[in-house]
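The values are calculated or read from the model by the stated rules, or taken from the named source; none is laboratory data. Given the structure is predicted, the values throughout are model-derived calculations rather than measurements. Note: ideal-geometry Cβ built from the backbone for every residue, glycine included; neighbour counts use all protein chains shown. Note: areas computed on protein heavy atoms with side chains; ligands, DNA, RNA excluded. Shrake-Rupley method; radii C 1.70, N 1.55, O 1.52, S 1.80 Å.
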Amino acid sequence: MSEPIHVTDAEFDATVLKSTLPIIVDFWAPWCGPCRMVAPILDKLAKDFDGKLTVAKVNTDENPEWATRFGVQGIPTMLFVFGGKVVHTQVGALPEAALRDIVTQFLDFAASAANGPTPA
């Protein structure tokens, strides 16, 4: 997706946990200032990593179930999910360069995990 997708509680399992691509889940709310600061960065990352990464947005006011399941206590909280498992959690807004570094590390991790362990 070249832009973030909006995911409801009902779609979360199929869209996020069963995704074949690495996925960033942004738990946010319309009233949250830091969420509004990170949104354009996530939009840009979705475009820059189109085909390699999915950015999913979950409005916690309208869809609280998965935020509760994952123990989200502050927003924005971004979960980095690969193979149905959370491999990194980022709470709070970050500058674009810092978030881009985390995404690059996440994609490197996902690529190594997908290729399996290297023989000794």
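Details
- Carbon + sulfur, % of accessible area of the chain - ligands and nucleic acids excluded, 1.4 Å: 57
- Environment charge of F80, counting only residues whose C-beta is closer than 15 Å and scoring Lys/Arg +1, Asp/Glu -1: +1
- Of every Cα-Cα pair in the chain, the percent that sits beyond 27 Å: 11
- In degrees, nearest ten, helix 96-115 long axis to first principal axis of the chain (Cα): 40
- Normalised per residue, the accessible area of the chain is 54 Å², obtained with a 1.4 Å probe and no contribution from ligands, DNA or RNA.
- Nonlocal amide H pairs with I5, under 5 Å, H built at 1.01 Å: V55, A56, K57
- Placing a pseudo-label 7 Å from each Cα along the Cα-to-Cβ vector at D9 and T68 gives an inter-label distance of 0.6 nm.
- The chain: antiparallel DSSP beta bridges as a percent of all, rounded to 5: 60
- Tilt relative to the chain, helix 33-48 - C-alpha long axis, 0 to 90 degrees, to 10: 40
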